[in-house]
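Asker: Take this structure first; my questions come after.
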Amino acid sequence: MRVFAVSDVHIDYEANAAWVSSLSMSEFQQDVLIVAGDVTDTLRKLAWCLGALAKRFRKVLFVPGNHDLWVIRDGQHKNSLQKFDEVAAVVVSSGASMETFHEKGVTIVPLLSWYDYSFGEPDDELRAVWMDYRACRWPAGYTEKDVTAHFSALNQSVKPNGSKVITYSHFLPRLDVMPSYIPSVSRKLYPVLGSARLDRELRSVKSTLHVYGHSHVNRQVTIDGVTYVNNAFGYPNETHIAQKRLVCIHEC
Ligand SMILES: [Fe+2]
Ligand SMILES: [Fe+2]
């Protein structure tokens, strides 16, 4: 059994959806695929994508990203927590899973999260341009910290039982997974990249391999005993930071 990882497939781009359709129907039937969020904010398309992947893999494991929880095209009355519930139902009906997966000495644990400004406070410019501030809606009074705490409380507790633990999240668990070449203009996004809480959570379940998405910057780096992997597919023009292929992260 091989474990593959990808994130940020963003299938609203036709070229990205075509890549999903082009994946082999036979090659991965014994394998697991982690999809670490940002597929689409359209539930019908999410069902199509996860269903297409579920036909190709033995198991597809998913967590929603920020784009999956956008409600900007869903009318005025839905909030992003309600959207989360709808996404969770689509995950199940399309044959994918957001549950902890155990098999062949491997435990794969989803970690829900949001960004909570533990990587820095957003400035006025970021608040003006970051789409989530307009495309997501939260219950009255919810701050980003509350959203992160809400999703964190949904995470399943896992007792390390001697198996290899792999965790995955959409958001970044620490800022130093970002490579040093990132220009200062892009670093303005750092406050909305993730949460330090995630790193505490993945270490509390004894993870040694963590998959994350969201930055769209492909990377593999080991820090204090944990290997962090980003294999975002990314937007069509992001060929310089995204390799646009499946990556096998574990084999057993
Ligand atoms: Fe993304
Ligand atoms: Fe994202």
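The values are calculated or read from the model by the stated rules, or taken from the named source; none is laboratory data. From a predicted model like this one, the values you see are computed outputs, not experimental measurements. FYI the Cβ positions are ideal-geometry reconstructions off the backbone, even for glycines, and counts take in every protein chain you see.
Asker: For the structure I just gave you, tell me whether K83 is more than 21 Å from H216 (Cα to Cα) and surrounded by fewer than 18 Cβ atoms within 10 Å (Cβ to Cβ).
Answerer: When the stated conditions are applied, K83 does not pass them.
Asker: Just give me the residues in segment 1-54 being away from ligand 1 (no atom under 16 Å from the Cβ) and of a type in the set (S, T, N, Q), in sequence order.
Answerer: S21, S22, S24, S26, Q29, Q30
Asker: Quick one: which residue in P64, P139 is touching a residue at least 12 places away in the same chain (Cβ under 8 Å) and touching a Gly at 6+ places or on another chain (Cβ under 7 Å)?
Answerer: Among P64, P139, only P64 is touching a residue at least 12 places away in the same chain (Cβ under 8 Å) and touching a Gly at 6+ places or on another chain (Cβ under 7 Å).
Asker: Here's something else I'd like to know. Output the residues belonging to segment 150-183 that are of a type in the set (S, T, N, Q) and at pLDDT 95 or above.
Answerer: S152, N155, T167, S169, S180
Asker: Looking at segment 88-97, is at least one residue touching a Lys or Arg at 6+ places or on another chain (Cβ under 7 Å) and modelled with pLDDT under 95?
Answerer: No, because not a single residue in segment 88-97 is touching a Lys or Arg at 6+ places or on another chain (Cβ under 7 Å) and modelled with pLDDT under 95.
Asker: So which residues in segment 166-191 are within 19 Å of Y117 (Cβ to Cβ) and buried (at least 24 other Cβ atoms within 10 Å of the Cβ)?
Answerer: S169, H170, F171, L172, P173
Asker: What number of residues within segment 98-149 satisfy the criterion of being polar (S, T, N, Q) and either surrounded by fewer than 20 Cβ atoms within 10 Å (Cβ to Cβ) or in a loop (DSSP other than H, G, I, E, B) (or both)?
Answerer: So the count comes out to 4.
Asker: Would you mind telling me which numbered condition in (1) closer than 28 Å to V165 by Cβ; (2) within 18 Å of the chain's Cα centre (by Cα); (3) polar (S, T, N, Q) T42 fails?
Answerer: (1)
Asker: Follow-up. How about segment 175-230: which of its residues are part of a loop (DSSP other than H, G, I, E, B), touching a residue at least 60 places away in the same chain (Cβ under 8 Å), away from ligand 2 (no atom under 14 Å from the Cβ) and not hydrophobic (A, V, I, L, M, F, W, C)?
Answerer: K188, S207
Asker: Also, quick follow-up: Testing F101 on (1) away from ligand 1 (no atom under 16 Å from the Cβ); (2) touching a Gly at 6+ places or on another chain (Cβ under 7 Å); (3) in contact (Cβ under 8 Å) with a residue 60 or more places away in the chain, one condition comes back false. Which one is that?
Answerer: (2)
Asker: Just one of S184, S207 is over 22 Å from P64 (Cβ atoms), more than 16 Å from ligand 1 (Cβ to nearest atom) and either polar (S, T, N, Q) or in contact with a Gly (Cβ under 9 Å, 6 or more places away or on another chain) (or both); which is it?
Answerer: S184
Asker: Would you confirm whether or not segment 69-92 contains a residue that is among the β-branched types (V, I, T) and free of Cβ contacts under 8 Å to residues at least 12 places away in the same chain?
Answerer: Among the residues of segment 69-92, at least one is among the β-branched types (V, I, T) and free of Cβ contacts under 8 Å to residues at least 12 places away in the same chain, which makes the answer yes.
Asker: Of everything in segment 220-239 that's surrounded by fewer than 20 Cβ atoms within 10 Å (Cβ to Cβ) and within 16 Å of ligand 1 (Cβ to nearest atom), which residue is nearest to H10 (Cα to Cα)?
Answerer: Y235
Asker: Every residue in segment 107-136 that is within 15 Å of T148 (Cβ to Cβ) and among the hydrophobic types (A, V, I, L, M, F, W, C), please.
Answerer: L111, L112, W114, F119, C136
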